[in-house]
1. Any residue in the stretch 219-236 that is within 19 Å of Met340 (Cβ to Cβ) and in the same structural domain as Ile252 (by TED's automatic domain parsing) sitting within a Cβ distance under 9 Å of a residue that is among the acidic types (Asp, Glu) and outside any helix (DSSP H, G or I)? List the pairs, counting only those 6 or more apart or interchain.
2. From Asn14, Asn38, Asn46, which residue is exposed (fewer than 14 other Cβ atoms within 10 Å of the Cβ) and touching a helix residue (DSSP H, G or I) at 6+ places or on another chain (Cβ under 8 Å)?
3. Restricting to the stretch 51-73, name every residue that is farther than 24 Å from Cys299 by Cβ and of a type outside the set (Ser, Thr, Tyr).
4. Consider the stretch 265-282. How many of its residues are surrounded by 19 or more Cβ atoms within 10 Å (Cβ to Cβ) and over 19 Å from Asp60 (Cα atoms)?
5. Residues in the stretch 80-87: is at least one small (Gly, Ala, Ser) and closer than 16 Å to Val347 by Cβ?
6. Could you list all residues from the stretch 215-241 that are farther than 19 Å from Ala98 by Cβ and in a helix (DSSP H, G or I)?
7. Counting residues that are more than 22 Å from the chain's Cα centre (by Cα) and either modelled with pLDDT under 95 or farther than 29 Å from Glu25 by Cβ (or both), which strands (runs of 3 or more DSSP E) fully inside the stretch 39-92 reach at least 1?
8. Kindly check whether there is at least one residue in the stretch 32-43 that is out of contact with any Phe, Trp or Tyr (no Cβ under 7 Å at 6 or more places or on another chain), of a type in the set (Val, Ile, Thr) and within 30 Å of Ala227 (Cβ to Cβ).
Amino acid sequence: MKTYITNARLITTNQVIEDASLLIEDGHIAAINPESTNNVNSISLNNQYLLPGLVDLHCDAIETEIEPRSNAFFPVDFAVAQVDRINAGVGITTPFHAISFSHEEFGVRNNEIATQIVHALHDYQPQQLVNNQVHCRYEITDPTGLPILINLLEENAIHLISLMDHTPGQGQFKSLQAFQDYLTNNHNRTVAEAQTIAARKVEQGGYALERVKTLISKALSKGIQIASHDDDNPERIISMEELGVHISEFPINLETAIAAQKSGLMTVFGAPNLLRGQSQSGSIKAIDAIKNQVCDALCGDYSPASLLAAAFRIPELEDWSLPEAIKLVTSNPAKAANMMDRGEIAVGKRADLIAVKHDNSFPQVTTTWVDGRIVYQCHYLK
């Protein structure tokens, strides 16, 4: 059955088409404002926005579904089902679940649970609502994670890899104290335990480069994109580019973000950062990156619901059009992940779409389509 969507405010990559219609056939966009239709299922959006489904390159909300409180764990398959439904409800049709591969010092962020999550996401595919993707975050100071990731690459179970280096004294943790505070406040580690973990990271970091080269070589041979994380200076950007990295996640400061773009790396900042008006770790504000034209994409980071809200917030803060802002959460991240079949409303693209009402202070998803199929729908009273 064909689906005919009418009375929509349709957002393309460069304009809002008022009172638009769109035809879906065989899971793809068949026509925009078709001259004639027959044998269709018609849906009027009553002047709501029609957007491409959101593409979220980095969100670790699945970890909270597994471990909502410290040392309180839910079954992984149960958590996968919940986060799948959450993403459908907030309009994220292609979520990249950021899964941390590290030794056991970070609670849910350890190699054993990370591997379970990857396999659970794969097993859930036959009934999934959205197009779940696996983003493996490799802690480069951990030698035990490399063989696990190589095996997962062989299984074609990975869709994006980022390189984490949480060694104290650089990146997110600018000092040993910052690293200790993170472990003690977020993972219930004692100061002594945090110091031991820090020392081990420093020791193992000396052998990280060869591990990173091995992983990148294998990933690129599989067509998997590589991201760096928390880049803190232009020299690091140059090193990442030489290694084959294409994406810079959460560059720490403006100078580094500028260097990333000049080197051809796409930059990603957190949508929560934009909504809150600040970085959780004291890095550059996302809105400042946008002001300086060095933000290519936004990601959910730890809050899937923030992605759509942040995109609609940008035109209220800066001289940006809504289509320009929507590109940061649709076509640009799709391009960064080399997923050229989605991320924009154009004939031939996947019919991953969302209907959005924006009557009040923030946007709300009313319908989500994935491959042309409605996977989420709700009706607000007003």
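1. Ala227/Glu249
2. Details: Asn38 fails: touching a helix residue (DSSP H, G or I) at 6+ places or on another chain (Cβ under 8 Å); Asn46 fails: touching a helix residue (DSSP H, G or I) at 6+ places or on another chain (Cβ under 8 Å).
Testing whether each residue is exposed (fewer than 14 other Cβ atoms within 10 Å of the Cβ) and touching a helix residue (DSSP H, G or I) at 6+ places or on another chain (Cβ under 8 Å) leaves just Asn14.
3. First, the residues of the stretch 51-73 that are farther than 24 Å from Cys299 by Cβ: 69-73.
Those that are farther than 24 Å from Cys299 by Cβ and of a type outside the set (Ser, Thr, Tyr): Arg69, Asn71, Ala72, Phe73.
4. 2
5. Step one: filter the stretch 80-87 for residues small (Gly, Ala, Ser), giving 81.
Within this subset, residues satisfying the condition of being closer than 16 Å to Val347 by Cβ are none.
No: zero hits.
6. Ser217, Lys218, Leu220, Ser221, Pro234, Glu235, Arg236, Ile237, Ile238, Ser239, Glu241 - these are the residues of the stretch 215-241 that are farther than 19 Å from Ala98 by Cβ and in a helix (DSSP H, G or I).
7. 40-44
8. no
The values are calculated or read from the model by the stated rules, or taken from the named source; none is laboratory data. All values derive from a computational prediction rather than experimental measurement. Neighbour counts run over all protein chains shown; Cβ positions are idealised from the backbone, glycine included.
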